[in-house]
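Okay, so here's the structure we're looking at.
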Amino acid sequence: PKPPASICRAAGFFSNPGSCTAFHRCVDWTGKGIHFSIFHFNCPAGTIFDDSLSICNHAYAVNKPECTGYQDPLIVFTSTQGPVTSWTTSHRPITSWTSQSLTQATTVV
């Protein structure tokens, strides 16, 4: 659930409680810290909210233990047509060969 404006105690960007990707911005319209508006956002796929920088960042670059393992490993596929990059939903290393295309998939962490 989205937190209400009453959660705001200062102006700025803050992570939503219990979420790795949702965050909100508190805007202090009066500059007195008594009336805030709240705006809700979600980080793009593959990123989580980094409280120390107030931005969405790659999971490996964020010190947020509760979000460890949130980002799936990057899989790079190579073939005679050039590299193709995609995300996988598996958290295990994958290396496979197919006889038709001789494509190798290797996990990059």
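The values are calculated or read from the model by the stated rules, or taken from the named source; none is laboratory data. A quick note: this is a predicted structure, and the numbers were derived from the prediction, not measured. When the accessible area is computed, the model is the full protein with side chains, heavy atoms only, and any ligands, DNA or RNA have been set aside. Shrake-Rupley method; radii C 1.70, N 1.55, O 1.52, S 1.80 Å.
Computed from phi, the 3J(HN,Hα) profile of the stretch 23-40 under the Karplus parametrisation 6.51, -1.76, 1.60 (θ = phi - 60°) reads 8, 9, 10, 9, 10, 9, 6, 9, x, 10, x, 10, 9, 10, 10, 10, 10, 9 Hz, with x in place of Gly and Pro. Per atom type, the stretch 1-55 shows carbon and sulfur on 60% of its accessible surface, probed at 1.4 Å.
Keeping all protein chains in place, calculate the accessible area per residue for the stretch 1-62 (probe 1.4 angstrom), answer in Å².
Details: 3880 Å² over 62 residues.
Ligands and nucleic acids excluded, the result is 63 Å² per residue.
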